[in-house]
Amino acid sequence: MGLLVLSEAGLDLLNKLLTYDPKKRITTDASLNHEWFHEVPLPKSKEFMPTFPVQHAEDRRVQRVIKSLDPCEDHQRKELKHGLLGTGGLFG
């Protein structure tokens, strides 16, 4: 893997964006028109950017249960799956 390098124009923009004094900091319009955005390679449109599938809360919950190492949670998950939880016992 090659070493990532920021050009002089990139360093200039970064320094201007990170200027502590807001009065001296580059404006949003000026930053978007900075020469760095016109260097080769030019920015790509969003259609060329990778996309990732959305993970819903339900998917994350299932993954968390499956990864559980607690035998009680594993037993409870099996009971829930088979509809046995809450069918008897003192607290069920």
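Every number here is computed from the coordinates shown, using simple stated rules; none is lab data. Quick caveat, the model's predicted, so the values are computed rather than measured. Heads up, the Cβs are rebuilt from the backbone with ideal geometry, glycines too, and the neighbour counts pull from every protein chain shown.
The modelled label-to-label distance between residue 46 and residue 12, using points 7 Å beyond Cα along the C-beta direction, is 2.9 nm. With 0.36 nm allotted per residue and the present C-alpha distance subtracted, the residue 21-residue 38 stretch has 3.5 nm of extension available. Taking other C-beta atoms within 10 Å as the exposure proxy, 45, 31 rank 45, 31 from fewest upward.
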